[in-house]
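Visitor: Pasting a structure below so you can have a look.
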Amino acid sequence: MQRISRKSPALVVAVIALTAALAGTAVGGVAVTALNKKEKKQVKRISKRVAKKQARKLDKRIERARCFGRSSLASRATGDRGY
């Protein structure tokens, strides 16, 4: 007969957090699919605007990296801090 060991408090908290996270995404998924036509258009419009804003920021960072002659990723990979 095997003896059942006592579960650690960290494991209990982790399981509760995982359950809450999965339940939250399930509720969020239902809320998104329950949008009417007008709300879907609004969500698309907002997401496009945010995506364009992020793309502009990325373009600025790429141009700044080109001005220095090296990409920022390459300088980080080699450990060069620029001084």
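Visitor: Fewest first, what order do Arg6, Arg66 take by the number of other Cβ atoms within 10 Å?
Guide: By the 10 Å Cβ count, ascending, the order reads Arg6, Arg66.
Visitor: Evaluate the distance, in nm, between pseudo-label points positioned 7 Å from the Cα of Val27 and of Lys52 along their respective Cα→Cβ axes.
Guide: 3.4 nm
Visitor: Need one number: nm distance between label points at Arg45 and Leu11, each 7 Å from Cα along Cα→Cβ, rounded to one decimal.
Guide: With each label placed 7 Å out from Cα toward Cβ, I get 5.3 nm.
Rule-based calculations on the coordinates, nothing more; no lab input. In this text, all values refer to a predicted model and were calculated from it rather than measured experimentally. Every residue, glycine among them, receives a Cβ derived from its backbone with ideal geometry; neighbour counts consider all protein chains shown.
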